[in-house]
Structure formats: C-alpha cells, structure tokens
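J.: Let me begin by handing over the structure; questions about it come next.
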Amino acid sequence: MTDAKVPGFEERFAEVRACRLRYFLGGREGAPPVVLVHGLGGCAGNWVDVAPSLAERYRVLVPELPGHGLSTPLPAVPNLAVFADRLAVVAEREGMLPATFVGHSLGGVVAVRLALRRPDAVSALVLAATAGISSATRRAKYGLRILGIIGPRRLVAPWAGSVAGSPLLRQAVFGHWGAADPLILSPAAVDGFLEGTRLTSDSVSAARALVRDDIRAELGELRCPVVVLWGARDNQLPLADGFEFARRLGAPLRVIADCGHLLIGERPDLCVEAIESFVG
C-alpha cells in the first residue's frame, strides 16, 4: 500500500498551532484556488480521482485534518473551529485565500465553520454529502462514536489490494453505508479510502466535536455562494439532509443517481463536473 499520496501533487508539511499538518498541493499556478477537505476517518487519498482532474483548471490544495492521515492529533478538540482555523493558516501560507472549499461529510462541516469564522477566506462552498443535520441528533451521537472508535474498515485496511480485486470484499467493506455500488470504485479510490482509515490516529475526537458543534442555527449567516451535492442512495447521511441544507441555505441541490455516501469515489467525474460548473 501507499501512504495515500495524490498523483501529480507535491506533498508538504506545516507546523500549525501545536499540530503538524500534511497536505498536497498541485494544479496551475495563478489559477482559481480550490481546497478539498476529506471526511471522518479519511485522508488526502480520498480525493485521488477528483484532485488530479480539478488540477487541470485550478490550483488545488488537499489538506489532512488533525488526527487524520499523517497529520498529528491535537491535544484537545473542543469543537470543529480548531480544525477550520488550522486549514485557514495552511491555505493562507500557500497564498490560496480566498478559495472555494469543497467538503465531503465531516469536511463539509469544517468548511462551513471556516466560512462562518472567516468570511474573507471562503469565496464559495461545495457541500458534498455534508454532515451537520442528522449528525446533530441524539441517535447520531452513538453511531459516530462507534464509527470513530471502531472504524469498520480499519481491520481490512492493510489488505487494500485484496479488497480492490474482490467483488465480495468490496461489497463487505463498502456496501450499504459507504457506496451504492462498491464495484464502481477505482482501485486507487479503494486504496485511498482504506488508507485513510489505517492512517487516522484520532477520529474519536473529531466525531465527538462533530456531534457537539451544531451548525444548523448558523447556516443562515453564510454569505458566500453554496452548492449542495448528494448521492441519491446515501445510507449514512440521507438525501433528506441534502434537501435540508439546500432549504436553509437557499442553495441549489444536485443529486447524483445510484450513488451512496462516498460519491467523490463512486462518481468523481460528476463531482468534478459539478464543481467546475459552479466555480467557473
């Protein structure tokens, strides 16, 4: 297995407020900046089929959240603002603010939190199967804690090659809660998602912060353009959440048919198309 590198991107590290963050930088110098933020238990490799395509038109930054990938965990995670602030520092150091932030799942909430704290830093938001609606409910507290502690893919992560080559293993690992059609994931995407699970050192703190940090009442304060992307067959964060985001934000909702929660891996082509048509 790799350590979840992004093809064609330069791997970099930065010391930011008691945390060593790993991130990847690529794309066209001077082009509009786009920042891709992964979800809970993920890493930069989650964007392996999206980032290179976007790099043809944009300057692209792919950070790894504290405690994820090869970024070190924080001593305390009271809320998601501690993640958002560190992402802003890295993006600012690379001269990429303001930028369009594309967040998947947990990454979407972090991007929203950043836009609320630093409106000057976020020119637009793409919320892909973003947490923050169902994840604020009591039922989600238990599910997210279990997900953070156990990580259903952690046990098989060292054998990503075997999973990629076996339809049965793909279904067992990614079926129902992850992908609507696990067979459509590329081998690189399988590797990227599993490597994120293997490398993550502290998803528990992130899961707890996600449940505590209820952004619903603040969504109306966002001033930047927003588009919402969702898989029609997302069993982890239901499509109803996407409609709720769109309603609260007055934003367009783009639904990808026959697609689950891992839409950035299942249909990266449609995700790229949606991002490009939105960013311009």
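The values are calculated or read from the model by the stated rules, or taken from the named source; none is laboratory data. Everything numeric here is computed off the predicted structure, so don't read it as measured data. Ideal geometry is used to build each Cβ from the backbone, glycine not excepted, and the neighbour counts take in all protein chains shown.
J.: Of GLU92, GLU56, GLU64, which residue is charged (D, E, K, R) and within 13 Å of the chain's Cα centre (by Cα)?
T.: GLU64
J.: State whether the residues of the stretch 246-260 include one that is closer than 23 Å to SER166 by Cα, surrounded by 19 or more Cβ atoms within 10 Å (Cβ to Cβ) and touching a His at 6+ places or on another chain (Cβ under 7 Å). Let's see the steps before the verdict.
T.: Keep residues of the stretch 246-260 that are closer than 23 Å to SER166 by Cα, which gives 258-260.
Filter once more, so that each one left must be surrounded by 19 or more Cβ atoms within 10 Å (Cβ to Cβ): 259-260.
Subsequent filtering for residues that are touching a His at 6+ places or on another chain (Cβ under 7 Å) retains none.
No, there is no match, as no residue in the stretch 246-260 is closer than 23 Å to SER166 by Cα, surrounded by 19 or more Cβ atoms within 10 Å (Cβ to Cβ) and touching a His at 6+ places or on another chain (Cβ under 7 Å).
J.: Need a quick list: helices (runs of 4 or more DSSP H) entirely within the stretch 213-280 having at least 2 residues that are free of Cβ contacts under 8 Å to residues at least 12 places away in the same chain and at negative phi. Outline the logic, then answer.
T.: Details: elements: 239-249, 263-266, 268-279.
Where helices (runs of 4 or more DSSP H) fall fully within the stretch 213-280 and carry at least 2 residues being free of Cβ contacts under 8 Å to residues at least 12 places away in the same chain and at negative phi, they are 239-249, 268-279.
J.: What's the number of the only condition in (1) surrounded by 16 or more Cβ atoms within 10 Å (Cβ to Cβ); (2) modelled with pLDDT of 90 or more; (3) closer than 21 Å to PRO238 by Cα that ALA189 fails to meet?
T.: Checking ALA189 against (1) surrounded by 16 or more Cβ atoms within 10 Å (Cβ to Cβ); (2) modelled with pLDDT of 90 or more; (3) closer than 21 Å to PRO238 by Cα, the one that fails is (3).
Listed here are the residues, each with its yes/no results for (1) closer than 16 Å to ALA209 by Cα; (2) modelled with pLDDT of 95 or more; (3) of a type outside the set (Asp, Glu).
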| position | (1), (2), (3) |
| --- | --- |
| ARG28 | no, yes, yes |
| VAL48 | no, yes, yes |
| SER71 | no, yes, yes |
| ALA76 | yes, no, yes |
| ALA91 | no, yes, yes |
| VAL109 | yes, yes, yes |
| VAL112 | yes, yes, yes |
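J.: Further question: Name the strands (runs of 3 or more DSSP E) wholly within the stretch 1-103 that hold at least 2 residues that are touching a strand residue (DSSP E or B) at 6+ places or on another chain (Cβ under 6 Å) and closer than 27 Å to TRP230 by Cβ?
T.: Details: elements: 10-15, 20-27, 33-37, 59-63.
So the answer is 20-27, 33-37, 59-63.
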